[in-house]
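Input: a single structure, listed below in structure tokens.
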Amino acid sequence: MLIYKIFRAPEWAALQKAGETRGAPVDLADDYVHFSTAEQAAETAAKHFAGEDGLMLLAVEADRLGDALKWEPSRGGALFPHLYRALRLEDVAWARPLPLVAGAHRFPKGLE
């Protein structure tokens with residue numbers, strides 16, 4: 001199962017350069033890397049990245065993360081994937097731009 005992380009361009013660039021990251025400022029504050037499922041990703045973008053352009057959507061295979069991935073209740077009691085270790089560049093299955101179109105983020109086909 002793929003899970004998804006939204007990064008701003010500088011956060012994505014930092015991961016590419018360093019090979020790993022503890023995430024965005026919200027991840028550092030919470031001490032885990034926040035992910036969303038395909039069903040949760042659009043709401044995450046709307047809630048936490050409203051009006052922001054230049055974002056990247058990263059897909060990660062959940063099974064590759066082992067015991068460091070925990071499913072915990074968050075928004076509305078839904079279970080969200082949280083990674084309790086650094087996200088490594090090698091964990092990323094793919095990364096694609098998440099453009100802002102007419103005020104909403106346009107997700108790749110299958111994630112709309």
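Some points to look at:
- Each of A50, M1, F35 was placed along the dipole of the chain (beta-carbon charges, centred on the mean Cα), and the one lying farthest toward the positive end is A50.
- Treating each Cα of the stretch 15-77 as one equal point scatterer and applying the Debye formula with no solvent, the log10 of I(q)/I(0) at q = 0.13, 0.26 Å⁻¹ comes out as -0.41, -1.69.
- Its residue count N fixes a reference of 2.2 N^0.38 Å for the chain, and the Cα radius of gyration divided by that reference is 0.98.
- Taken about its Cα centre, the stretch 2-98 carries a charge dipole of about 140 debye when Lys and Arg each add +1 at the Cβ and Asp and Glu each add -1 at the Cβ.
- Using C-alpha pairs under 8 Å with a sequence gap of at least 6, the mean separation divided by the residue count of the stretch 2-98 gives a relative contact order of 39 percent.
Rule-based calculations on the coordinates, nothing more; no lab input. Please read these numbers as outputs of a predicted model, since none were measured by experiment. Counting neighbours? That spans all protein chains shown, and the Cβs are built from the backbone with ideal geometry, glycine included.
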